[in-house]
Structures are given as C-alpha cells and as structure tokens.
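Written below as structure tokens is the structure these notes are about.
The values are calculated or read from the model by the stated rules, or taken from the named source; none is laboratory data. It should be emphasised that the depicted structure is a prediction, and the values quoted were computed from it without experimental measurement. Note: ideal-geometry Cβ built from the backbone for every residue, glycine included; neighbour counts use all protein chains shown.
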Amino acid sequence: MTVALVLAGAMIGAPVRYLADRAVQSRHNSMFPWGTFTVNVVGCLLLGGLAGGGAAAPVMTLLGTGFCGALTTYSTFSFETLRLAELRAWFTAVGYVALTVAAGLAAACAAYAAAHALC
C-alpha cells in the first residue's frame, strides 16, 4: 500500500513540477532558474505544512513523499548550479544556492509553525 501511495502522489507531482517550472521560467528572461526555485520553495512550504499539521502516515506518504518528492528536485537544482558555474556566472550560482536554501528553509519553518498553531 505504501508504494502505491508514493506512486500516486508522484504521478501528480512530476507533471505539476514540469508544467509549473516551464510556466514560471517562460515569464523570466534571465539566467536565474526561477522555475526550479519556485517548485522547490513551494514543495518546502507544502511539506512543512503537512509536518506541522501532524498529517497521518498515509497522507504524509501520498503528499509528502509522493507529491512533494516528485514536485521538488535537488538534481535539477544541482545541475542548474553547475551550469551557471560553467558559464562563469559565479554571482548568480552562489545567489541561487543561498536563496534556494534560505527560502526553502524559511517556507518549511513558516508553514510548519502556522499548521502547528492551527492544529
């Protein structure tokens, strides 16, 4: 049952990630990977809210592991950072790493605290 829940969540999260990434990135004419940044921060926000709200194990498996796991992407984040470094866009690469980590952590903490306070 656990594998089925992860699979079901991922089947929704992966296309949402792709479509959201493309939609956001198409609106920005810059080297900064706004699409990946956005889906990663939104995923942190959702996962923080689920954890703070005390989601039941099946819900956490479906939405936390499945959906958020497929929505967010560390591999693309790493690849885009490497690509920026290869282009010698050092400031953008370092900024991308710092902003992604800080915003993701802030989103997760804020959502956790808000959900925890409401539940």
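Of note:
- Verdict on GLY95 being buried (at least 19 other Cβ atoms within 10 Å of the Cβ) and either of a type outside the set (Ser, Thr, Tyr) or without any contact (Cβ under 8 Å) to a residue 12 or more places away in the chain (or both): no
- The C-beta contact set for the range 12-39 (first residue in contact (Cβ under 8 Å) with a residue 40 or more places away in the chain and more than 26 Å from TRP90 (Cβ to Cβ), second residue crowded, with 17+ Cβ neighbours inside 10 Å and not aliphatic (A, V, I, L, M), distance under 6 angstrom, 6+ apart or interchain) comprises ILE12/PHE67; GLY13/PHE67.
- Taken over the range 1-57, the residue count meeting the criterion of being more than 15 Å from the chain's Cα centre (by Cα), within 19 Å of ALA98 (Cα to Cα) and surrounded by fewer than 17 Cβ atoms within 10 Å (Cβ to Cβ) is 2.
- Of the residues THR65, THR100, THR81, THR73, the single one that is hydroxyl-bearing (Ser, Thr, Tyr), modelled with pLDDT of 95 or more, under 27 Å from VAL3 (Cβ atoms) and buried (at least 17 other Cβ atoms within 10 Å of the Cβ) is THR65.
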